[in-house]
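I have placed the structure first, in the form of structure tokens, so that the comments after it can refer back to it.
The values are calculated or read from the model by the stated rules, or taken from the named source; none is laboratory data. For clarity, every value in this text was computed on a predicted model and none was experimentally measured. Methodologically, a virtual Cβ is constructed for each residue, glycine included, from the backbone with ideal geometry; neighbour enumeration extends over all protein chains shown.
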Amino acid sequence: MNVGSNILNNFLHENLTDLKAKGLYNTIEPMESANGPIISIGGKKLINLSSNNYLGLATDSRLVDAAINAIQTYGVGAGAVRTINGTLDLHVKLEEKLAAFKHTEAAIAYQSGFNCNMAAISAVMDKDDAILSDELNHASIIDGCRLSKAKIIPFKHADIEDLRAKAKAAKESGLYKKIMVITDGVFSMDGDIAKLPEIVEVAREFDLITYVDDAHGSGVTGKGAGTVKHFGLSDQIDFQIGTLSKAIGVIGGYVAGRKELIDWLKVRSRPFLFSTALTPGDVAAATKAIEILMSSTELHDKLWENGNYLKRGLKSLGFNIGDSETPITPCVIGDEQLTQEFSKKLYQEGVYAKAIVFPTVARGTGRVRNMPTAAHTTDILDQALAIYEKVGKEMGILQ
Ligand code: PMP
């Protein structure tokens, strides 16, 4: 056996031991089922309230058929990066559909949402620039900002006055060639929606580039078209980012925007140039999902109906469900350990809902994050609510 570097071995051992001692080492339990409303883990059936498969499209037979047909025609891999010979007509069709879906001139697809943020921010911003970033933005935005080498200026979450003051200071300093403002469209831990009209106003005042990552909004807000559409701002936002991995049910990420922006990303964004293209099956399935979303709001409506049903149920039991404006339903417990314990008990009783604690959310605001989907039935949600009531009472969280 290759024993490798002692320095590395010591580093790994010490740090893993430390994480385990602090109870921060996350173990992963594989599912033996699809990621639907009921999942199976280690032979145990559980009500699933943890996935981002918002519309249930990950298991939709129309997407499955589209993927199978594409695989039969094109095979399982694209075979190269997009700029060598990995671009299939399927990729072009997907990008045309995405542009239509987001009401923009053009779009470009990437291999994941994470990849997309790494790609897009660093293709436009550099060390002479500054980025105003909401403090609760997703990790991939933070990493994309870091990669760009631009000065990162965080602003308080959804605080427009703080954003305006920092934009003014950055502009008046004369230090930066370009200044960008970046926000999630929907914040995934609390379910709140970014104040885009106010952000756009600040952007106009100080000539900021606007960048909205709507990973959790596409398919969910704006009757399915996303948060930018929800506010009627499709012609006001420079970068509309989305993923194909959440409501769309597959995998991938994209930027939708003006044609010249997309042309630039095609020649300058590194994951497009240096990482193999999305597979034919994924592309065909994602295209089918966009077609479904553009032709009907049925799944969107069902998602909201289920979200409201779960929220009403938890609230009437006496739980604190925060101020979510979307179907994302936090159940705020507070204390970190109590939250972990609560989530564990829910699991034992048959509900899979993950505890989210510090540092993902602020200390003392530990919560179990619930995500009903369009595929959940009222009966399943009722079963989940009965388990919530039982565990809540047993643990003294409910009276
Ligand atoms: N952006 C945001 C706001 C996200 O929440 C996520 C996923 N959690 C991503 C990007 C990354 O997307 P993907 O899973 O498609 O890589």
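Of all the criteria given as (1) part of a helix (DSSP H, G or I); (2) among the charged types (D, E, K, R); (3) away from the ligand (no atom under 16 Å from the Cβ); (4) within 21 Å of residue 118 (Cα to Cα), the one not satisfied by residue 177 is (1).
Restricting the range 97-108 to residues that are surrounded by fewer than 22 Cβ atoms within 10 Å (Cβ to Cβ) and assigned to a helix (DSSP H, G or I) leaves a set whose member that is farthest from the ligand (Cβ to nearest atom) is 100. Restricting attention to the range 117-142, and to residues there that are more than 16 Å from the ligand (Cβ to nearest atom) and among the aliphatic types (A, V, I, L, M), which single residue is nearest to residue 190 (Cα to Cα)? The residue in question is 132.
Looking at this structure, is residue 292 at pLDDT 95 or above and closer than 30 Å to residue 148 by Cβ? No: the conditions fail for residue 292. Among (1) within 10 Å of the ligand (Cβ to nearest atom); (2) surrounded by 24 or more Cβ atoms within 10 Å (Cβ to Cβ), which single condition is residue 247 missing? Residue 247 satisfies all of (1) within 10 Å of the ligand (Cβ to nearest atom); (2) surrounded by 24 or more Cβ atoms within 10 Å (Cβ to Cβ) except (1). When 71, 84, 153 are screened for being surrounded by 16 or more Cβ atoms within 10 Å (Cβ to Cβ), away from the ligand (no atom under 15 Å from the Cβ) and in a helix (DSSP H, G or I), only 71 passes. Per the conditions (1) in a helix (DSSP H, G or I); (2) closer than 24 Å to residue 252 by Cβ; (3) of a type outside the set (A, V, I, L, M), the sole criterion not satisfied by residue 162 is (2). Can you name every residue in the range 250-280 that is assigned to a loop (DSSP other than H, G, I, E, B) and buried (at least 22 other Cβ atoms within 10 Å of the Cβ)? Those that are assigned to a loop (DSSP other than H, G, I, E, B) and buried (at least 22 other Cβ atoms within 10 Å of the Cβ): 250, 252, 269, 277, 278, 279.
Does residue 52 count as part of a loop (DSSP other than H, G, I, E, B), of a type in the set (S, T, N, Q), at negative phi and surrounded by fewer than 23 Cβ atoms within 10 Å (Cβ to Cβ)? Walk me through it before giving the result.
Values: part of a loop (DSSP other than H, G, I, E, B): yes; of a type in the set (S, T, N, Q): yes; at negative phi: yes; surrounded by fewer than 23 Cβ atoms within 10 Å (Cβ to Cβ): yes.
Criteria met by residue 52.
Examine the range 109-122 for a residue that is over 25 Å from residue 266 (Cα atoms), of a type in the set (A, V, I, L, M) and surrounded by 16 or more Cβ atoms within 10 Å (Cβ to Cβ), and state whether such a residue exists. No - not one qualifying residue is present in the range 109-122.
Sort through 195, 178 and tell me the only one that's more than 17 Å from the chain's Cα centre (by Cα), at pLDDT 95 or above and crowded, with 16+ Cβ neighbours inside 10 Å. When all the criteria are applied, what remains is 195. Taking the numbered list (1) over 19 Å from the mean Cα position of the chain (by Cα); (2) more than 18 Å from residue 29 (Cα to Cα) in turn, residue 359 passes all entries but (1).
Go through the residues of the range 214-223 one by one and say whether even a single one is surrounded by fewer than 19 Cβ atoms within 10 Å (Cβ to Cβ), in the same structural domain as residue 179 (by TED's automatic domain parsing) and more than 11 Å from the ligand (Cβ to nearest atom). Lay out the reasoning, then the answer.
In the first step, residues of the range 214-223 are kept if they are surrounded by fewer than 19 Cβ atoms within 10 Å (Cβ to Cβ); the result is 223.
Next, from what is left, pick out any that are in the same structural domain as residue 179 (by TED's automatic domain parsing): 223.
Cutting the leftovers down to more than 11 Å from the ligand (Cβ to nearest atom) gives us 223.
Yes.
Being under 18 Å from residue 52 (Cβ atoms) and either at pLDDT below 95 or not assigned by TED's automatic domain parsing to the domain that holds residue 106 (or both) is the requirement here; does residue 234 meet it? Please lay out each step first, then the result.
Working: under 18 Å from residue 52 (Cβ atoms): no; either at pLDDT below 95 or not assigned by TED's automatic domain parsing to the domain that holds residue 106 (or both): yes.
Answer is no for this residue.
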